[in-house]
Amino acid sequence: MGDLDDKSALITGASRSIGRGIAQAFGREGAAVAVNYHSDEEAAEETVEAIENDGGTAIAVQADVSDAEEAQQLVETVTEQFDGIDVLVNNAGILEPSTLDEMDVETWDQTISVDLRGTFLVTRFTIEGMLDQSSGRIINIASQLGIKGAAELTHYSAAKGGIIAFTRALAREVAPDVQVNAIAPGPIDTALLDDTTDEWRENKKAEVPLDRIGTIDEVVPTAVLLAGDGGDYYTGQTLSPDGGDAMH
Ligand code: NAP
């Protein structure tokens, strides 16, 4: 018996890295998993295959979460396939470092669009179904930088801080039926950090009391906790697998 038997879950940005790790763990816990991706169909199919190889059920669904029509279509497709959505993980995110004095308006807009608007859009179209069924869990992947901020990441920090505030506001609005929480990981070794320099990574590491960059496997258990029975008494919270980077 798994913690998520008979549940269905939609995880955005699950073609790789943290989203894939959460999708696989949810599959192992018994959930039917919808693996959303934006551009990498092959990687999304690999996530699906990994879940199926573990004996689970999964489908891949393409959608740009920052596009309202695509986000709505995504939710409708998953709702139809799985007869509702019990757990939504808003994980899709992008990061493109830039100092503010050199930042293009497009770079700002795109980060806010995917990271913050995307979280709003997919939640907006999911929440009605959860309220109708009087249950649901929403887990928003924020970042420790939404709490402490970071140079060259004003746009990303603003989006992630927005996600934490959105989480708290929505948690109050939809309680007690739907529980809404955030996870604010510290620096995690994934493709998201590909564009950062060695110097940036070294500086990051030095800020973390546990003195290292974290791994995907060190984030995933928090998502499993918040989605399952262990998360029954959490709402509006931001849990931080971050090596102590942002103590709050
Ligand atoms: P990643 O390796 O870059 O993966 C990003 C995922 O998001 C991919 O599956 C990508 O799909 C998807 N995605 C990007 N734009 C999308 C869009 N417009 N619509 C739908 N999906 C989209 O990132 P990660 O490190 O796993 O990060 C996952 C989440 O954790 C993000 O929200 C990130 O901000 C947060 N986080 C990461 C760290 C870290 O250090 N890694 C720390 C704190 C928080 P395709 O590949 O198919 O395009």
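Would you check if G13 is near the ligand (Cβ under 9 Å from one of its atoms) and surrounded by 24 or more Cβ atoms within 10 Å (Cβ to Cβ)?
On the way: near the ligand (Cβ under 9 Å from one of its atoms): yes; surrounded by 24 or more Cβ atoms within 10 Å (Cβ to Cβ): yes.
So G13 fits the description; yes.
Could you look through region 39-90, keep only residues that are among the hydroxyl-bearing types (S, T, Y) and surrounded by 15 or more Cβ atoms within 10 Å (Cβ to Cβ), and pick out the one that is farthest from the ligand (Cβ to nearest atom)?
Within region 39-90, the first condition is being among the hydroxyl-bearing types (S, T, Y), and the residues that meet it are 39, 47, 57, 66, 77, 79.
If we keep only those that are surrounded by 15 or more Cβ atoms within 10 Å (Cβ to Cβ) too, we end up with 47, 57, 66, 77, 79.
Working: T47: 9, T57: 20, S66: 5, T77: 14, T79: 18 Å.
Within region 39-90, the match that is farthest from the ligand (Cβ to nearest atom) is T57.
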Inset, instruction - Determine whether region 197-207 contains at least one residue that is within 13 Å of the ligand (Cβ to nearest atom), free of Cβ contacts under 8 Å to residues at least 60 places away in the same chain and under 16 Å from the mean Cα position of the chain (by Cα). - result: no
Legend entry - Failed item, numbered, when N140 is tested on (1) more than 15 Å from the ligand (Cβ to nearest atom); (2) at pLDDT 95 or above: (1)
Inset, instruction - Please work out which residue is farthest from R168 (Cα to Cα), limiting yourself to region 212-238 and to residues that are assigned to a loop (DSSP other than H, G, I, E, B) and open to solvent by less than 40 Å² (accessible area, probe 1.4 Å). - result: I213
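Scanning region 174-200 for residues that are of a type in the set (D, E, K, R) and more than 20 Å from I141 (Cβ to Cβ), which turns out modelled with the highest pLDDT?
Quick first cut of region 174-200, residues of a type in the set (D, E, K, R) only: 177, 189, 194-195, 198-199.
Remaining after also requiring more than 20 Å from I141 (Cβ to Cβ): 177, 198-199.
Numbers: D177: 98, D198: 86, E199: 86.
This residue is D177.
Inside region 1-103, counting only helices (runs of 4 or more DSSP H) that do not spill past its ends, which hold 3 or more residues that are of a type in the set (S, T, N, Q)?
Details: elements: 17-28, 41-53, 68-82.
Those helices (runs of 4 or more DSSP H) span 68-82.
For region 91-142, give me each residue that is of a type in the set (A, V, I, L, M) and within 21 Å of G236 (Cβ to Cβ). Write out each step before concluding.
Kept after step one, since they are of a type in the set (A, V, I, L, M), are these residues of region 91-142: 92, 94-95, 100, 103, 105, 112, 114, 116, 121-122, 127, 130-131, 138-139, 141-142.
Residues satisfying the conditions are L116, L121, V122, I127, M130, L131, I138, I139, I141, A142.
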Legend entry - Matching entry among P241, P209 (being at pLDDT 95 or above and open to solvent by 60 Å² or more (accessible area, probe 1.4 Å)): P209
Inset, instruction - For region 160-199, name all the residues that are touching an Asp or Glu at 6+ places or on another chain (Cβ under 8 Å), open to solvent by 10 Å² or more (accessible area, probe 1.4 Å) and among the hydrophobic types (A, V, I, L, M, F, W, C). - result: I188
Legend entry - First in region 85-112 and in contact (Cβ under 8 Å) with a residue 24 or more places away in the chain, second anywhere and assigned to a strand (DSSP E or B) and of a type in the set (D, E, K, R), Cβ under 9 Å, 6 or more apart: D86/R137; V87/R137; L88/R137; V89/R137
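The values are calculated or read from the model by the stated rules, or taken from the named source; none is laboratory data. Fair warning: this is a prediction, and the values are worked out from it, not measured in the lab. FYI the Cβ positions are ideal-geometry reconstructions off the backbone, even for glycines, and counts take in every protein chain you see. For accessibility, only protein heavy atoms count, side chains too; no ligands or nucleic acids. Shrake-Rupley method; radii C 1.70, N 1.55, O 1.52, S 1.80 Å.
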